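Here the structure is laid out as structure tokens; the discussion comes afterwards.
The values are calculated or read from the model by the stated rules, or taken from the named source; none is laboratory data. If you're wondering where the values come from, they're calculated on a predicted model, not measured in any experiment. When we count neighbours, we look across all protein chains shown, and the Cβ atoms used for this are built from the backbone with ideal geometry, even at glycine. Surface areas here come from the heavy atoms of the whole protein model, side chains and all, with no ligands, DNA or RNA. Shrake-Rupley method; radii C 1.70, N 1.55, O 1.52, S 1.80 Å.
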Amino acid sequence: MRYESLIFDIDGTLWDSRAVIAEGYNAQLEKEGLSQLAVNADTFLPLFGKVMTDIADIIFPSVPVPERYALMNRCMDAGDRHLQENPCRIGYPGIRETMEQLAKTHRLFIVSNSQKGYPELCMEKLGLTGLIQGHLCFGETGTNKGATIRTLMETYHVTDCAYVGDTQLDCEATQEAGISFIWASYGFGTPDRYDYKIDSFADLLSL
């Protein structure tokens with residue numbers, strides 16, 4: 001396997017932020033008198049990878065639209081603040097070291113279905129700033145992941161790449177974008193197809 005560029009998912013691929021994010025959400029919900037809507041790490045297991053409006057529809061169905069999405073935005077902001085304040089030892093093993101090696105021979109990017117600011121936070125916390133040459137997310141494009149991948153590819157003139165992710169939604173996004181899919185099997189999902197599989201992040205080096 002040899003691609004000019006690699007594009008990475010975040011949650012379930014670079015780190016597992018579910019527990020820390022849940023703590024941030026719950027602090028915001030308690031502040032608003034909505035503790036009955038509290039979430040936990042398991043709540044997010046089948047949800048990470050979905051766009052924020054879909055997640056809000058699932059975890060806050062009793063809150064009317066559009067307040068549901070406004071509440072989701074406040075909870076996401078609280079989750080990000082909690083991540084920023086937390087030591088965040090939540091990266092999978094070997095992320096920084098592997099990225100340093102990959103950056104010698106590949107251009108590295110991030111595409112996520114997250115809110116704006118989340119990729120930058122991940123890069124900062126994992127020490128990837130300077131290794132990642134570009135990133136794009138749902139909060140910036142408002143489109144599904146497949147379309148967001150294509151937008152990033154067009155922006156950075158990427159023609160030969162693979163996407164590293166962990167879920168069925170990641171798999172479908174690569175099909176839509178017309179690129180190869182590398183499944184991070186240690187993550188959150190079990191896609192129905194993949195081009196390559198890694199059982200640890202460092203396995204990218206042997207590929």
Counting all C-alpha pairs of the chain, share separated by more than 24 Å (%)
38
With 10 Å bins from 0: P(r) over segment 18-116, alpha-carbon pairs, percent
14, 42, 27, 13, 4, 0
One quarter of the convex hull surface, Cα atoms only: what value does that give for segment 1-47 in nm²?
4.5
Inter-part gap, Cα centre of segment 115-148 to Cα centre of segment 1-79, in whole angstrom, is 15
Under 18 Å from LYS50, Cα to Cα: lysines that are on another chain or at least 8 residues apart
LYS116, LYS145
Computed ³J(HN,Hα) along segment 199-207: with the Karplus parameters 6.51/-1.76/1.60, θ = phi - 60°, integer Hz and x for glycine or proline, the list is 9, 8, 4, 5, 4, 4, 5, 6, 5
Positive end of the dipole of the chain, charges at C-beta (+1 Lys, Arg; -1 Asp, Glu), about the Cα centre: which of PHE201, VAL65, CYS75 has its Cα farthest in that direction?
PHE201
Average accessible area per residue (Å²) across segment 1-103 - probe 1.4 Å, nucleic acids and ligands excluded
46
What is the mean projected area of the alpha carbon convex hull for segment 86-127, to one decimal in square nanometres?
3.5
10 Å Cβ shell holding at most 10 others, DSSP loop, trypsin sites (Lys or Arg not before Pro): longest site-free stretch of the chain:
105-207
Estimated vicinal HN-Hα couplings, Hz - segment 169-174 in sequence order (Karplus 6.51, -1.76, 1.60; Gly, Pro = x)
4, 5, 4, 5, 5, 5
Rounded to whole Hz and in sequence order, give me ³J(HN,Hα) for segment 59-74 from the Karplus expression 6.51 cos²θ - 1.76 cosθ + 1.60, θ = phi - 60°, writing x for Gly and Pro.
8, 10, x, 7, 8, x, 6, x, 4, 4, 6, 5, 5, 4, 4, 5
With a 1.4 Å probe and all protein chains left in place, how much of the accessible area of the chain comes from carbon and sulfur atoms, in whole percent?
49
Here FRET efficiency (C-beta to C-beta, GLN36 to GLU85, R₀ 22 Å, nearest 0.05) is 0.30
Given the whole protein assembly as supplied and a 1.4 Å probe, what does the accessible area of VAL39 come to in Å², nearest 10?
10
Average silhouette area of segment 122-207, convex hull of alpha-carbon atoms, in square nanometres
6.0
Would you work out the charge dipole size for the chain about its Cα centre, treating the Cβ of every Lys and Arg as +1 and the Cβ of every Asp and Glu as -1, and quote it to the nearest 20 debye?
220
